[in-house]
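Chemist: Mind having a look at this structure? Questions to follow.
Read-outs throughout are calculated quantities, based only on the coordinates presented, and are distinct from any laboratory measurement. These numbers come from a predicted model, not from an experiment. Here the Cβ positions follow ideal geometry from the backbone for every residue, glycine too, while neighbour counts run over all protein chains shown.
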Amino acid sequence: MRELDDNRTSYIVILGFMLALSLILSYIESLIPFPFGVPGMKLGLPNMAVVILIYRYGAKEGIVINVLRIILSGFLFGNLFGILFSISGALISFLFMVIAKKTGLLDMRGVSVVGGLTHNIAQLFVAAFIVKTSGIMFYLPALLISGAITGFLNGFIAEKLGIYLNKTFIRSKNR
């Protein structure tokens, strides 16, 4: 019975850590100016935590932490309008990342690229709907390029961070 309690406690601690990590990455991202003049262009740093969760635990944990992060960071560092934009991109990109992982054709970097691309596309469609113009699609090429680059870099870092977390978790478990 104690082993089950220890496993449950470790599970809760790791999920709490991943939520805190994603909130810290959201905050850091909010401090970094992105000087390319494209509205909504971001680095997608919190996606690192989401990708790690998808690979380490699965879709359920990933979506819960992602939604909690969006709501909390929206109220802490943004506003309700930002939450609505973020949730639209996050839900679509999350769905595509889970599908991409399940195919087995892509590694963590590739899944993260899929997330970056689909997040930008979803947010652009939501923005076009809100402002009621398709002229906003002018930003699509820049957002696709940035989504691919930042998705790859975030996936690369998530891969390395995931390896470190696995070693740390195993080491602490054996003590």
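Chemist: Of all the C-alpha pairs in region 1-101, what % are more than 15 Å from each other?
Modeler: Working: 3216 of 5050 pairs.
That tail contains 64 percent of the Cα-Cα pairs.
Chemist: Just list whichever of 101/167; 102/132; 60/132 have alpha carbons separated by over 29 Å in the model shown. List each step's numbers first, then the result.
Modeler: Details: 101/167 22 Å; 102/132 35 Å; 60/132 34 Å.
Pairs exceeding 29 Å: 102/132; 60/132.
Chemist: Could you please state, rounded to a whole Å, how far the C-alpha centre of region 78-136 is from the C-alpha centre of region 6-57?
Modeler: Computed from Cα coordinates, the inter-centre distance equals 15 Å.
Chemist: Right, here's the next one. Would you calculate the separation in nanometres between label points at residue 77 and residue 24, each defined as 7 Å from the Cα along the Cα-to-beta-carbon direction?
Modeler: Modelled inter-label distance: 1.3 nm.
Chemist: Right, next: Step through the residues of region 22-29 one at a time and calculate ³J(HN,Hα) from phi using the Karplus curve (6.51 cos²θ - 1.76 cosθ + 1.60, θ = phi - 60°), rounding each to whole Hz and writing x for Gly and Pro.
Modeler: Working through the residues one at a time gives 5, 5, 5, 5, 4, 5, 4, 4 Hz.
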